[in-house]
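Here the structure is laid out as structure tokens; the discussion comes afterwards.
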Amino acid sequence: MKRVIVLAAFAAALSGCASLAVRPCDSIAERDGKYVSRLFLGVLTLGISEAAIQQEQWLEAREGWRFCPPPVGWHGTPPPGAWQGPPPPGTRQGPPPPTAAVPRIPGVLVNATRWTINLYLDTDPATPDVLPSLVLRPGEGRQLSLVGGPHRIVANPIAETSGAPAPAARYERQIQIDPRDRGFRLHLSEGEFK
């Protein structure tokens, strides 16, 4: 029995932890299998493997989930000329696409108010037919990845019930995301709404 455990730990160490990083494009079965594998590998390595897996997930989120194919909007056979996977190695011509080299910085937005808020990212909420980028309930936080550079954040409180009016306050802020940062955290508090 001890030999089996030692061999399993050795095989897991040789295979690497990066393949156990959970990606948004994983199916439910793949995600659940990765979590179960991570549990056993974490027990065998006393948690050291989990740190390596978390680092790999962070790197992939920053790079825009490089192993996930782009989303498709059709069902069945793709139309002619549609993206059907990466080209074979060595066949690419021209400059890389602009989104491939742009790193994304992972971060968290936290609603520290007692209101539900509509949050608009780099859009003007006064423009007709513009939907909010996020809706945050009181105390809720959301993860997102932003490209380095300036970003405009506007938040408006919304009424929780049909009888109660929404506060007339508004949060507006220009933030600068440095591409060298490892992450960011932004708390929206009631004192910042004017």
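The values are calculated or read from the model by the stated rules, or taken from the named source; none is laboratory data. Keep in mind that this is a model prediction, so the values were computed, not measured. When we count neighbours, we look across all protein chains shown, and the Cβ atoms used for this are built from the backbone with ideal geometry, even at glycine. Areas reflect the complete protein model, heavy atoms only, side chains present, ligands, DNA and RNA absent. Shrake-Rupley method; radii C 1.70, N 1.55, O 1.52, S 1.80 Å.
Okay, here's what the table says:
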item	result
FRET efficiency for Arg182 and Asp124, using Cβ-Cβ distance with R0 set to 30 Å, rounded to 0.05	0.50
Distant-in-sequence amide H partners of Gly148 (H built 1.01 Å from N, under 5 Å)	Ile105
Euclidean distance of C-alpha centroids, the range 106-149 and the range 164-194, integer Å	8 Å
Accessible heavy-atom area order of Thr127, Thr116, highest first, probe of 1.4 Å	Thr127, Thr116
With 5 Å bins from 0: P(r) over the range 138-194, alpha-carbon pairs, percent	4, 14, 22, 22, 17, 11, 5, 4, 1, 0
